[in-house]
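Read the figures in this text as sums done on the coordinates, not as results from a lab. Computed from a predicted structure; not experimentally measured. Positions of Cβ are backbone-derived with ideal geometry, glycine not excepted, and every protein chain shown enters the neighbour counts.
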Amino acid sequence: MKVNDIELFLNEVFPPENALDYDNVGLIAGDREKVVSAILVSLDLTDKAIEAAREAGANLIVTHHPIIFGGIKTLTVDDSVGRTLVNLVKSGISVIACHTNLDLTDEFGDLAIADKLGAEEPSAAEGAVCGVVYELPEDMILKDYCRKVCDDLGSSGIITINKPENKVRKVFIQGGSFDEDSINAVIKSGADTVLSGEIKHHICVGLEQMGINTIIAGHSATEQAYLPKMAKLLSDKYPGINITVNYNNEVSSIL
């Protein structure tokens with residue numbers, strides 16, 4: 001398989017036309033005609049991810065976040081992005097990004113988070129661009145649910161402005177950053193709690209006024225849940241190619 005073949009496959013699963021206007025998805029850097037030896041799946045393209053790819057013998061990295069969002073005028077080692085891109089090119093590694101085009105495919109995005117939380121029968125939130133809702137089997141207090149989220153997602157910490165004894169029963173999940181345009185969908189769903197990686201403070205305050213808890217679990221912690229599903233997708237499609245998952249740019253596991 002060549003880099004181009006894998007990009008075309010990922011484009012079928014996560015159509016680039018579904019990506020938001022500001023986004024930059026698909027092949028970010030590299031050689032379309034290069035035969036793929038192995039693949040590293042990572043949330044971000046970093047020097048540590050490149051090192052992990054080299055150690056795994058991978059010449060293709062599939063990331064969630066693109067390292068390049070807008071136009072760049074220079075490519076030098078004077079800044080971190082330039083240094084990482086130069087490192088990438090020198091290593092002969094290509095990189096493909098599946099970002100908001102993946103976010104809008106709940107099965108690989110928010111449903112993956114729900115799965116890690118042990119949600120039963122989570123469903124897409126009506127009226128939200130992305131986001132899922134699920135109901136707990138029984139009420140929990142917010143303090144205990146926050147501990148569960150921290151443990152299940154491997155978060156380094158949880159932020160909430162709400163009272164620890166508040167009730168949690170129905171949760172709206174949106175990985176990464178919470179979209180303010182989803183507030184009406186949250187209300188319509190009947191959720192009493194919003195869980196996301198990032199939520200602006202004034203949004204937390206506004207939701208609290210409506211009796212809705214907010215839980216900030218960390219952008220990376222929520223989206224790390226996407227990686228195993230991406231790895232399985234690639235492994236099922238290309239069983240002859242070794243897939244390595246790079247968690248938190250530190251620990252790698254080979255499927």
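If you rank Phe9, Phe108 by fewest surrounding Cβ atoms within 10 Å, what's the result?
Phe9, Phe108
Calculate the dipole size of the chain relative to its Cα centre from +1 charges on Lys and Arg beta carbons and -1 charges on Asp and Glu beta carbons; express the result in debye to the nearest 20.
In debye, rounded to 20, the chain gives about 560.
Could you list log10 I(q)/I(0) for the stretch 110-222 at q = 0.11 Å⁻¹, which the Debye formula gives when each Cα is one point scatterer?
Calculated log10 I(q)/I(0) at the listed q: -0.27.
About its Cα centre, what dipole magnitude does the stretch 176-252 give when the only charges are +1 on Lys and Arg Cβ and -1 on Asp and Glu Cβ, stated in debye to the nearest 20?
300
Answer rounded, prolate or oblate for the stretch 163-216, using the Cα gyration tensor with square roots of eigenvalues a ≥ b ≥ c: rounded when a/c is under 1.5, else prolate when a/b is larger than b/c, else oblate. Don't skip to the answer; put the middle values down first.
Values: a/c = 1.34, a/b = 1.20, b/c = 1.12.
Rounded.
Which is the longest part of the chain that has none of the GluC sites (Glu not before Pro) sitting in a DSSP loop with at most 12 other Cβ atoms within 10 Å? Could the numbers behind the result be given before it?
Working: sites that count: Glu33, Glu120, Glu126, Glu165, Glu250.
After excluding every exposed loop site, the longest remaining stretch is 34-119.
Divide by every residue of the chain the summed helix terms, -39500 (n - 2.57) for each DSSP H run of at least 4, and state the resulting mean residue ellipticity at 222 nm, rounded to the nearest 500 deg cm²/dmol.
Roughly -10000 deg cm²/dmol at 222 nm, from the helical runs in the chain.
Charges on Cβ only, +1 for Lys and Arg, -1 for Asp and Glu, centred on the Cα centroid of the stretch 110-222; of Ala125, Asn213, Ala114, which one is farthest towards the dipole's positive end?
Comparing the listed Cα positions along the dipole, Asn213 ranks first.
Using alpha carbon centroids, what distance separates the stretch 44-93 and the stretch 125-196, in Å?
Using only Cα atoms, the two centres lie 33 Å from each other.
Can you list the HN-Hα couplings for the stretch 174-179, worked out from phi with the Karplus curve (6.51, -1.76, 1.60; θ = phi - 60°), rounded to whole Hz and with x for Gly and Pro?
Listing the rounded values in order: 9, x, x, 10, 6, 8 Hz.
Under 10 Å, Cα contacts only: if you run a Gaussian network model on the chain, which one of Asp47, Asp115, Asp236 comes out with the highest mean-square fluctuation?
Fluctuation is largest for Asp236.
If the cut-off is 28 Å between C-alpha atoms, which lysines fall inside it for Lys170, apart from same-chain ones fewer than 8 positions away?
Lys170 reaches Lys116, Lys143, Lys148, Lys188, Lys200, Lys229.
Loop sites only, by DSSP: take the trypsin sites (Lys or Arg not before Pro) in the chain that have at most 13 other C-beta atoms within 10 Å and name the longest stretch containing none of them.
That gives 74-199 as the longest site-free run.
Kirkwood Rh, Cα Rg: Rg to Rh for the chain?
1.00
Sorting His65, His99 on the 10 Å Cβ count, fewest up front, what's the list?
The order, fewest Cβ neighbours first, is His65, His99.
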